[in-house]
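Visitor: One structure, as structure tokens, below. Some questions next.
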Amino acid sequence: MTTNPVHSLTPRRLPEADVTAVFPRVDRYLDELLADYGPEYVHLRFPLRQLIDRGRGTPHEFSLPLLVHAALDGDPGPAVPIAAVHALWWRAANAFDDVADGDAGPELYGMPSGTALTAALECGYALPLRALAGMPVPEPQRRQLVRDYLEGWTAASNGQIGDLLNEPSRVDPDAVLGVYRHKSGAVYAMACAMAARLATGEDGAQDPPGPVAEWGRFGQVLGMLAQLRNDEDDLRSGTFDDLRNGTATYLLVHLLNSAPADRRSRALQLLEKAAECPASREELHGLMRSPDVQRPYHAYVASLHQEAHTLLDTLAPSCPFGAALRDRVDAEVCFLPGQQTHTAHRPG
């Protein structure tokens, strides 16, 4: 199997080394899933292989479920199938996202775009369900794992469509946060909840419920922070793709809903020209960076950051894998004033 650079990582220290040592097992598990597609699926096998090997991955697609499982029982290994399922979802979602954002031409990942999208549907939906159906766990737990996955799939689809339909001038910040809770938050929540369910054996019958829901909430908060970090990366890189595309990001919508009338009017004028005019994007970015816009924006991000840490204080209070998850949370808010500068996302 060709190693995908998204999950290539030279381990530097524990517990990260314990987790990254499991990555080859996830790769082998993906190989085994593809091997189940027999000769009767000759047209599907190669596009699936291409999508997994050459498709756009996402940071931490392997490591997040492994870390959560290890935080609960000390061993990331049993969560290999969950890590694979999480990675398959991202391969599929990123293929659809590349097309929706207009980044794909006639070809995508070395094959016709239509072929890639058909393979992405299999990769993100049927293949993960096949994996979950084959897991050696009690049937009630298996049903709950499938439910976790399907709920995450549906919520993320809802969020992605909301992201495409929302117009910055017609929505408020709460509407954008609703999209973020689904578009990114639901996927991270799904990964964390499934890993926690596997580690605890929780099958939905417990009264009171176990920690799976709390781990899901942690994942949701982490996913929202990751989306906000993604927005910031676009602005700080100077590419301004979100402004060019007219995307209703939280910071832009916060500006439009909080600025005085004259500044809002100017921002809307700039937004209309942003697709074609670099100077308009630069000036609009300047308005988004004004102190009266940044202060409440940073305060909200800081509140999510604190919530994630508070959850980990309960879920993984004295655990090296919990400490790694805290580092993960901190890396998402490196743009906040006073936060230690972090390097770019470590893959995996």
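The values are calculated or read from the model by the stated rules, or taken from the named source; none is laboratory data. Quick caveat, the model's predicted, so the values are computed rather than measured. Counting neighbours? That spans all protein chains shown, and the Cβs are built from the backbone with ideal geometry, glycine included. Calculation scope for accessible area: heavy atoms of the full protein, side chains included, ligands and nucleic acids excluded. Shrake-Rupley method; radii C 1.70, N 1.55, O 1.52, S 1.80 Å.
Visitor: Being closer than 20 Å to Leu33 by Cα and assigned to a helix (DSSP H, G or I) is the requirement here; does Leu164 meet it?
Guide: Details: closer than 20 Å to Leu33 by Cα: no; assigned to a helix (DSSP H, G or I): yes.
It is false that Leu164 is closer than 20 Å to Leu33 by Cα and assigned to a helix (DSSP H, G or I).
Visitor: Right, another one. What single numbered condition from (1) open to solvent by 20 Å² or more (accessible area, probe 1.4 Å); (2) aliphatic (A, V, I, L, M); (3) touching a Lys or Arg at 6+ places or on another chain (Cβ under 8 Å) fails to hold for Leu67?
Guide: Condition (1) is where Leu67 drops out.
Visitor: Report, by residue number, each residue of the range 141-156 that is open to solvent by less than 50 Å² (accessible area, probe 1.4 Å) and either farther than 25 Å from Asn94 by Cα or of a type in the set (Ser, Thr, Tyr) (or both).
Guide: Selection gives Gln141, Arg142, Gln144, Tyr149.
Visitor: Where residues in the range 115-132 are under 11 Å from Val85 (Cβ atoms) and among the aliphatic types (A, V, I, L, M), which of them is most open to solvent (accessible area, probe 1.4 Å)?
Guide: Leu129
Visitor: Please return the ranges of helices (runs of 4 or more DSSP H) entirely within the range 215-289 where 2 or more residues are under 30 Å from Leu325 (Cα atoms) and open to solvent by less than 40 Å² (accessible area, probe 1.4 Å).
Guide: Per the criteria, 250-258.
Visitor: Count, please, the residues in the range 121-161 that happen to be among the β-branched types (Val, Ile, Thr) and over 25 Å from Asp101 (Cα atoms).
Guide: Taking the range 121-161 and keeping what is among the β-branched types (Val, Ile, Thr), we get 137, 146, 154, 161.
Checking which are over 25 Å from Asp101 (Cα atoms) leaves us with 137, 146.
Here the count works out to 2.
Visitor: I would also like to ask the following. Run down Pro76, Pro81 and say which single residue is crowded, with 21+ Cβ neighbours inside 10 Å and in contact with a His (Cβ under 8 Å, 6 or more places away or on another chain).
Guide: Details: Pro81 fails: in contact with a His (Cβ under 8 Å, 6 or more places away or on another chain).
Only one candidate passes the filter, namely Pro76.
Visitor: Quick test of your reading of the structure: Ala155 fulfils all but one of (1) in a helix (DSSP H, G or I); (2) without any contact (Cβ under 8 Å) to a residue 40 or more places away in the chain; (3) over 19 Å from the mean Cα position of the chain (by Cα). Name the failing condition by number.
Guide: Against the list (1) in a helix (DSSP H, G or I); (2) without any contact (Cβ under 8 Å) to a residue 40 or more places away in the chain; (3) over 19 Å from the mean Cα position of the chain (by Cα), Ala155 comes up short only on (3).
Visitor: Give the residue, chosen from Leu252, Leu235, Leu312, Leu325, that is in contact (Cβ under 8 Å) with a residue 60 or more places away in the chain and over 27 Å from Gln144 (Cβ atoms).
Guide: On the way: Leu235 fails: in contact (Cβ under 8 Å) with a residue 60 or more places away in the chain; Leu312 fails: over 27 Å from Gln144 (Cβ atoms); Leu325 fails: over 27 Å from Gln144 (Cβ atoms).
Residue meeting the stated conditions: Leu252.
Visitor: So, in the range 254-276, how many residues would count as being in contact with a Ser or Thr (Cβ under 9 Å, 6 or more places away or on another chain) and closer than 18 Å to Gly178 by Cβ?
Guide: 1
Visitor: OK, next. Any idea which residue in the range 181-214 is farthest from Trp90 (Cα to Cα), counting only those that are in a helix (DSSP H, G or I) and among the charged types (D, E, K, R)? Lay out the reasoning, then the answer.
Guide: Step one: filter the range 181-214 for residues in a helix (DSSP H, G or I), giving 181-200, 212-214.
Next, from what is left, pick out any that are among the charged types (D, E, K, R): 181, 183, 197, 214.
Working: Arg181: 16, Lys183: 12, Arg197: 20, Glu214: 23 Å.
Among those that are in a helix (DSSP H, G or I) and among the charged types (D, E, K, R), it is Glu214.
Visitor: Another question, then. Looking at (1) buried (at least 24 other Cβ atoms within 10 Å of the Cβ); (2) farther than 21 Å from Asp148 by Cα, which is the only condition Ala195 fails?
Guide: It is condition (2) that Ala195 fails.
Visitor: Can you say whether Arg295 is out of contact with any Phe, Trp or Tyr (no Cβ under 9 Å at 6 or more places or on another chain) and in a helix (DSSP H, G or I), as far as the supplied structure shows?
Guide: For Arg295, the condition - out of contact with any Phe, Trp or Tyr (no Cβ under 9 Å at 6 or more places or on another chain) and in a helix (DSSP H, G or I) - is met.
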